[in-house]
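What follows is a single structure, written as structure tokens, with notes after it.
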Amino acid sequence: MADARRALVALAFGASVLACGCADSYGEFPADKTYSSIDAPDSFAPVDGTVIRLEFVDDRISAEAGCNRLFGTVDTSQGRISIDSLGSTRMGCPQALMDQEQWLSAFLTSMPSWSRDDGTMTLDNGRERIVFAES
């Protein structure tokens, strides 16, 4: 179902680009990849020794920020990350890691825009921005 939906979206997008003669400002979303954070906003100071990891497989997202795993169904069309019901494992962690995961959960569910440039992917919700490298 997801492949058929992606094919339909790609076909519609291709037709709209041809019709208007314009290019996509955010490009094709790089699914089936894993990313590690290389730059985070000033409002977020990662716990020492941790990075944010995101994995996209088909229409699913998985995220880690040091302890538990966040997961859900993701839609990356229209240049935004839209997650339907983000879930989490429930391991007990030090409070600093729990706070970090809560911050990441709030950020990911804020529908950040995404863009790619020269081997990096940036998520930006208008207040905060995280830059990732493919890992």
From a point 7 Å beyond the Cα of residue 38 in the direction of its Cβ, which residues of the stretch 75-97 have a backbone N at a distance under 12 Å?
none
Contour excess over end-to-end distance, with Cα ends at residue 82 and residue 102 and 0.36 nm allotted per residue:
5.5 nm
Between residue 62 and residue 110, how high is the FRET efficiency from 1/(1 + (r/R0)^6) when r is the Cβ-Cβ distance and R₀ = 22 Å? Nearest 0.05.
0.75
Which distance in nm do the two modelled labels at residue 117 and residue 133 give, with both placed 7 Å along the Cα-to-Cβ direction?
1.7
Normalise the Debye intensity by I(0) for the stretch 28-134, one equal point scatterer per Cα, no solvent, then take log10 at q = 0.11, 0.15, 0.18 Å⁻¹ and round to two decimals.
-0.29, -0.56, -0.83
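Computed from the coordinates by the stated procedures, all read-outs in this text should not be read as laboratory data. These figures come from a predicted structure and were not determined experimentally. All Cβ positions, glycine included, derive from the backbone under ideal geometry; neighbour counts span all protein chains shown.
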